[in-house]
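Got a structure for you, written out below as structure tokens; questions coming shortly.
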Amino acid sequence: MINICLNANNYSILVFSCTEESSDNQLYKSNTMDSKIMQFERTNSNVDDKHPCVWSSPEGGQMIDIGKQIFCNRSLNMRSIVAVGFDMDYTLAQYKPETFESLAYEGTVKKLVHDLGYPAELLGWSFDWTYMVRGLVLDKKRGNILKMDRHKYVKVAYHGFRELSKEEKVATYGSTLIRDAFDEPEYALIDTLFSLAEAYLFAQLVDFKDNNQGKIPADYSRMYKDVRAAVDLCHRDGTLKKMVAKDPQSYPVDACVRLHYIFVIMQRYINEDSSIVPMLKMLRDSGRATFLVTNSLWDYTNIVMNFLCGPRSADDCSVLNFDWLQYFDVVITGSAKPSFFHDENRASLFEVDPESGMLLNTDNGTPMPQVDSSLRLPLKILDKSCQVFQVTLFRWRTMLVVPELEKEVELLWTLRETRKELQLLRYKRDHIEDQIHHLKWSLRFDGMNSVNNEELLSELNKLECEQEGARLSHQEAQRECHQKQTTTKVLNQLIDMSQFHKVWGQLMKTGYQNSRFAHQVERFACLYTGQVSNLSLYSPDKYYRPSEDFMPHEFDILSL
């Protein structure tokens, strides 16, 4: 999520971060402003190139591939931005769900069994990282998982892994606008990437409880509460990040071998992005201040940021140092977001000594050592212009980094002709229905003679057959669009990839309506994009302008 804050002088500060894990799992709410969507463009760029093409490079300023674009809900003039800040986890550091989230899942299962008394069978379970998506809602009381549109109409519902029928959905959640708010405490919102593993585990537990009577005495609500407690404990006691960073005692003694070992581990869990450093340099060269605000503590932050921003020379034994600090004016670790963004909830700031990892300026003047201090390496060179803090002021606006977006917009581009055909089929259904209604009206009220009535009835039967054919054609075309396969060449192997999620469909759509997740992005994000380094593809002085909003009566007339 990118947050933009305004200070007393009306200067703006742009802060990039993902949605933070919070007690209510909700996106942090920004100031209320107009909502719009930026138009698409077709382009070429590749952040994985050895020498990434950024806007400030000689070959920069080109058209930008649709999957790399930044989309605008509310106008934002970058000239007014005086400082740009970044979150680390799931923003600068894009974790690989197949490895990182699997660790979270495994840690949670172990705590459920060993600490909360759940059956030992759970230890044999595995995590399908492709199954869950963001924007879902968990019905804690009933053990259901829901996907709804922006009007809170439930379009897809599962009890554990069993899909509910239309009749079951209507009976449980209604078919009118008078329905639940779908908020805490009865429901849980799966809006962060951190939440996917717990949602999948909850579905597994629901199925297990239903099929193994008596093995889990807790009801569905209690099961979810236990899952949340186990997940929180994994994050609070450092279980997850210790598993990523490994036990320091297991590192090789030799410095160069040790560095190589650490980076191999990081590659297992974090995607590399060679555009991050050029992006940070471009921002600083443009006169902006830069800062990092992360919930991670200093020791873990230093290792991850070295991996993301450090050199990769095989014969350089000083790679793991503090050189990455040169790209930031301020670094705040242990920020306890999202409460960090609320003045009344912000904790005191303590300066960190990067060399020792000690907290300074405490109440009694005594430095406070952190856990796992052995993870820190000796200080080589430290840019003293950068200060590191552990966890005025500002009102925050928001931009969201949505990693799933890149694939979704690229798929939408490939399906644009199919979507036009679907729209024509829908228009055809509407036209036939209007003709049927007109004939029925004539038969009922116009007093036709028997001959005319027979002709009208014959025409009506014909239209009703056409209506059924059009309905089936439309539904089949929708199903094919949803399930259609594309073939992509990856590492010289052909891999089949579903166009959209096989269970939940598009992230941003539910049928013809925007999904609940899309509605949140529209409400709370000024800008949104697939990855943070996409900022490097645009001028640091760019004026982001939204496209025009359309009401239904304007769309066919004014849209281009």
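The values are calculated or read from the model by the stated rules, or taken from the named source; none is laboratory data. If you're wondering where the values come from, they're calculated on a predicted model, not measured in any experiment. When we count neighbours, we look across all protein chains shown, and the Cβ atoms used for this are built from the backbone with ideal geometry, even at glycine. Quick note on the areas: whole protein, heavy atoms, side chains included, nothing else; ligands and nucleic acids left out. Shrake-Rupley method; radii C 1.70, N 1.55, O 1.52, S 1.80 Å.
Taking S318 as the residue in question, decide whether it is at pLDDT below 70 and open to solvent by less than 50 Å² (accessible area, probe 1.4 Å).
yes
Please work out if Y90 is surrounded by fewer than 21 Cβ atoms within 10 Å (Cβ to Cβ) and of a type in the set (S, T, Y).
Against the criterion (surrounded by fewer than 21 Cβ atoms within 10 Å (Cβ to Cβ) and of a type in the set (S, T, Y)), Y90 does not qualify.
Hey, another quick one. Check the stretch 282-301 and report whether any residue there is over 22 Å from S56 (Cβ atoms), open to solvent by 20 Å² or more (accessible area, probe 1.4 Å) and either in a loop (DSSP other than H, G, I, E, B) or at pLDDT below 80 (or both).
yes
Still on this structure: Looking at (1) at pLDDT below 75; (2) farther than 22 Å from Q423 by Cα; (3) of a type outside the set (S, T, N, Q); (4) not in a strand (DSSP E or B), which one does R523 not meet, given that it meets all the others?
(1)
Continuing with this model, one more query. Only residues in the stretch 463-486 that are within 12 Å of E421 (Cβ to Cβ) count as the first member; pair them with residues that are charged (D, E, K, R) and at pLDDT 75 or above, Cβ under 9 angstrom, at least 6 apart or cross-chain, and list the lot.
S473/K428; S473/R429; H474/R426; H474/K428; H474/R429; A477/E421; C481/R419; C481/E421
Further question on the same structure: Among H519, H501, which is the only one that is under 18 Å from C72 (Cβ atoms) and surrounded by fewer than 21 Cβ atoms within 10 Å (Cβ to Cβ)?
Answer to the selection: H519.
Tell me the residue from V47, V54 that is under 23 Å from P403 (Cβ atoms), modelled with pLDDT under 80, among the β-branched types (V, I, T) and surrounded by 19 or more Cβ atoms within 10 Å (Cβ to Cβ), please.
Unique residue meeting the criteria: V47.
Within the stretch 143-159, count every residue that is at pLDDT 95 or above and surrounded by fewer than 22 Cβ atoms within 10 Å (Cβ to Cβ).
Count: 2.
Also: I need the full set of residues from the stretch 97-113 which are at pLDDT 90 or above and open to solvent by 10 Å² or more (accessible area, probe 1.4 Å), in order please.
Result: E106, K110, K111, V113.
When the residues of the stretch 188-243 are filtered to those that are outside any helix (DSSP H, G or I) and within 27 Å of S335 (Cα to Cα), which remaining residue is modelled with the lowest pLDDT?
G238
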